[in-house]
1. Can you tell me which residues in segment 239-259 are in a loop (DSSP other than H, G, I, E, B) and either loosely packed, with under 12 Cβ neighbours inside 10 Å or in contact with a helix residue (DSSP H, G or I) (Cβ under 8 Å, 6 or more places away or on another chain) (or both)?
2. Count, please, the residues in segment 172-215 that happen to be among the hydroxyl-bearing types (Ser, Thr, Tyr), surrounded by 13 or more Cβ atoms within 10 Å (Cβ to Cβ) and out of contact with any helix residue (DSSP H, G or I) (no Cβ under 7 Å at 6 or more places or on another chain).
3. From Leu267, Leu235, Leu217, Leu221, grab the single residue that is under 21 Å from Cys164 (Cβ atoms), touching a residue at least 40 places away in the same chain (Cβ under 8 Å) and touching an Asp or Glu at 6+ places or on another chain (Cβ under 7 Å).
4. From the residues in segment 52-85 that are part of a helix (DSSP H, G or I) and of a type in the set (Gly, Ala, Ser), which one is modelled with the highest pLDDT?
5. Suppose the filter is within 27 Å of Ile152 (Cα to Cα), at pLDDT below 90 and acidic (Asp, Glu); does Asp49 pass it?
6. Identify, from the list Pro305, Pro288, Pro262, the residue that is at pLDDT 85 or above, open to solvent by 50 Å² or more (accessible area, probe 1.4 Å) and of a type outside the set (Gly, Ala, Ser).
7. Given the structure, is Glu233 open to solvent by 60 Å² or more (accessible area, probe 1.4 Å), within 27 Å of Cys107 (Cα to Cα) and assigned to a helix (DSSP H, G or I)?
8. Please work out which residue is nearest to Pro207 (Cα to Cα), limiting yourself to segment 161-171 and to residues that are outside any loop (DSSP other than H, G, I, E, B) and open to solvent by less than 50 Å² (accessible area, probe 1.4 Å).
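The values are calculated or read from the model by the stated rules, or taken from the named source; none is laboratory data. Just so you know, these numbers come straight off a predicted model, no measurement behind them. Backbone-built Cβ (ideal geometry, glycine too); neighbour counts: all protein chains shown. Note: accessible area is taken over every heavy atom of the protein model, side chains too, but ligands, DNA and RNA are not part of it. Shrake-Rupley method; radii C 1.70, N 1.55, O 1.52, S 1.80 Å.
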Amino acid sequence: MMDGSEEGIPAKKSKKSCKYLEKWDSEFTFLKKSRMGQSHAFCKICSCDFSVSHGGRNDVSQHEKSTKHKRWLEAQKHAQTMSAFVTRNTTEADQVINAEVKMAMLCAKNNVSFTFCDDFNKCVAEMFPDSAIARKYSAGKTKSTQLIKGAIAAELDDELARTCRSQPFSLMCDESSNRKTDKEFVILTRLYDEATLQVATKFMEMPICNVGNAENLYEKLSEALRKRGIPWENLIAFNSDNASVMKGRHNSVISRLKTSQPHVQDLGCICHLAQLATGCAIKAAQVPVEDFLVGIYTHFDKRPPEAPQVLQHPMAESVNLCPESVEPVGRTAGKDGNSSRYIQLTILCFPFI
């Protein structure tokens, strides 16, 4: 009886998945094809992929109406490009200043020495003889340095101070261990940027601290916040390496920070956290990484000249581990640049590392 009733029930038809259509590009200007496949679309406003397999065009319309999409769209409307700050006036003198500022910013952004500006200053008029702006361009090393340090950096520092005074933020610090030069203490901030709607890392200060004990490091940190008028109450987290001077229980920077802000969270060393995450990934993958690396070293470093070039290992079947197929990078230690090859071979076999 039951068997017969089950046979009488019609089987459910499997619903076909929708696919991305290229004609949507002209209808929705924010849309383009996703790298995740035909069942997804990519939103250029939100910089994210979303599925269209359930409703097709309706999924696109729902994403367009979502709170996330509207928030990102509104943020882009109010965001100003750099050209808005350097092209407000059109006089020749202002255009010369604009060119000098842009060149100084280009050097700072790409870590180019400001001494390059002296040579560029001599060549620019010859490179563009028909340009009045090039003939009047006069930003050498000294002027470019002052444009960055005295004008642009000061404005960015004021902006960062205003942000930290009005919202929560965290600190990321690291101390140098130079022996022949002055020791520096790097102070970075980690905060939510309203302009981009993303969490950003921004430079605050890098004071000299030749005596790197906990008291001096804390004083440099405290001074950086005090002269900018940033309250301790807005500090929510602290991140640094695991050195005792930074993370000791009784006499360290974090122990002193907790006297000023008892609720600050110690996030630990990000490099140590990455190491722990990698270790967990290796365990979860159940891959004998250590044995394999020892095998690589033994094969390429200890093998006799007449031994075969290709490593014989079960895990090496899908990867060509011939040492001649991996080019050494830069100066390397060991015979035939084997040290760099070990690193590259490890990356080839274990991309998650």
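1. Within segment 239-259, Ser240, Asp241, Asn242, Gly248, Arg249, His250, Asn251, Ser252 meet the criteria.
2. The qualifying residues number 2.
3. After ruling out the rest, the residue left standing is Leu217.
4. Ser61
5. Spelling it out, it is not the case that Asp49 is within 27 Å of Ile152 (Cα to Cα), at pLDDT below 90 and acidic (Asp, Glu).
6. The match here is Pro262.
7. Criteria not met by Glu233.
8. Within segment 161-171, the match that is nearest to Pro207 (Cα to Cα) is Leu171.
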